[in-house]
Amino acid sequence: MSAKYYLLMLMGGLIFTSCKHEQKAAVSQVASAPRIMEPFRFHKLLEVAPGEYYDVLSWGRGSVDTGAFEILHSDSTSRQYVTTTGDLDGQIIDVYNSDMDVDGNPEILIQTKGKDTTNYTKIYAFEYGNDNKANKRDFPRLTSSQRDGYRGGDNFYISSEGKFIREFPIYDGNTKNAKPTGAKRKLEYGLQGNEFTVKQLSKDSTQTKSTIAPVKKEEVKKETPKPEKKKKETTKKSTKHKKAETHKKRKHRR
């Protein structure tokens, strides 16, 4: 009996240790995520067509807010491989693939974010032609009216129509003490003749506020001069009346 008891205990211990080892292995497999080797910081793979890939990477040592980017274009069908590089301002947040002008040539859009008072956003745009060469496209900056109430917080995405959409919250000012109004500004970017087009999709609440203020000022200006004229007329009448009375008194004395 004692030998059987010890044998069962030994078998139970072996089963327990094997299960515990399997659990540890499973946990280690979940925890281990693919790590980018230094000096690289960011990597994203875009497959725009079967056999056509774009690997977008950022790299650099020493500084986090500056560095460089590279786009590795692999066309396995025609066996062509092209590399595009450039200086990078800020950190890469995301990379987008689109065909805004519907010409069959893919556009690669790199979104970066820098650290300043407004956490500014910058877009590096490239269009790849039939020769597999990267053609840089200048992404337009926000105009003065579009920057009104801008404090960063940009959200970019590709619409169902293939357009590049940008939206961000509107603040009640441009200083660090400004507070969000709850409204959002939404812009739609397209590509026509190798140049970007911009169209605002949302109604701008800041424009309606600016048109109300001058009306109040005009009403105040019209009302203020009226009581001044009445005072002048009454003073003139009172002085004339006093002069007439003094003149009559002088005649009466004579």
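Please determine, by comparing only the residues of region 183-193 that are of a type outside the set (S, T, N, Q) and more than 15 Å from the chain's Cα centre (by Cα), which one is surrounded by the most Cβ atoms within 10 Å (Cβ to Cβ).
Only one residue tops the list, namely 191.
Is at least one residue of region 120-128 in contact with a His (Cβ under 9 Å, 6 or more places away or on another chain) and either part of a loop (DSSP other than H, G, I, E, B) or surrounded by 13 or more Cβ atoms within 10 Å (Cβ to Cβ) (or both)?
Yes - at least one qualifying residue is present in region 120-128.
State all residues of region 69-78 that are of a type in the set (S, T, N, Q) and assigned to a strand (DSSP E or B); if no residue qualifies, say none. Working first, answer last.
As a first pass, look at region 69-78 and keep what is of a type in the set (S, T, N, Q): 74, 76-78.
Passing the criteria: only 74.
Residue 84 is checked against (1) in contact with a strand residue (DSSP E or B) (Cβ under 8 Å, 6 or more places away or on another chain); (2) of a type outside the set (Phe, Trp, Tyr); (3) at pLDDT 90 or above; (4) farther than 25 Å from residue 158 by Cα and fails just one. What number does that condition carry?
(4)
Limited to region 57-68, what total is found for residues that are part of a strand (DSSP E or B) and out of contact with any His (no Cβ under 6 Å at 6 or more places or on another chain)?
First pass over region 57-68, keeping only residues part of a strand (DSSP E or B): 57-59, 66-68.
Narrowing further to those that are out of contact with any His (no Cβ under 6 Å at 6 or more places or on another chain): 58-59, 66-68.
The total comes to 5.
State which residue is surrounded by the most Cβ atoms within 10 Å (Cβ to Cβ) when the search covers only region 156-175 and only residues that are touching a Gly at 6+ places or on another chain (Cβ under 8 Å) and hydrophobic (A, V, I, L, M, F, W, C).
For region 156-175, the residue satisfying everything is 164.
Given the criterion without any contact (Cβ under 8 Å) to a residue 12 or more places away in the chain and not in a loop (DSSP other than H, G, I, E, B), identify the matching residue among 54, 81.
81
From the list 133, 113, which one is loosely packed, with under 14 Cβ neighbours inside 10 Å and of a type outside the set (S, T, N, Q)?
Only one candidate passes the filter, namely 133.
Where the second residue is small (Gly, Ala, Ser) and surrounded by fewer than 17 Cβ atoms within 10 Å (Cβ to Cβ) and the first is within 23 Å of residue 101 (Cβ to Cβ) and touching a residue at least 24 places away in the same chain (Cβ under 8 Å) and lies in region 153-175, which pairs have Cβ atoms under 9 Å and are six or more apart or on separate chains?
165/159; 167/202
The values are calculated or read from the model by the stated rules, or taken from the named source; none is laboratory data. Everything numeric here is computed off the predicted structure, so don't read it as measured data. Glycine gets a Cβ as well: all are built from the backbone with ideal geometry, and neighbour counts include every protein chain shown.
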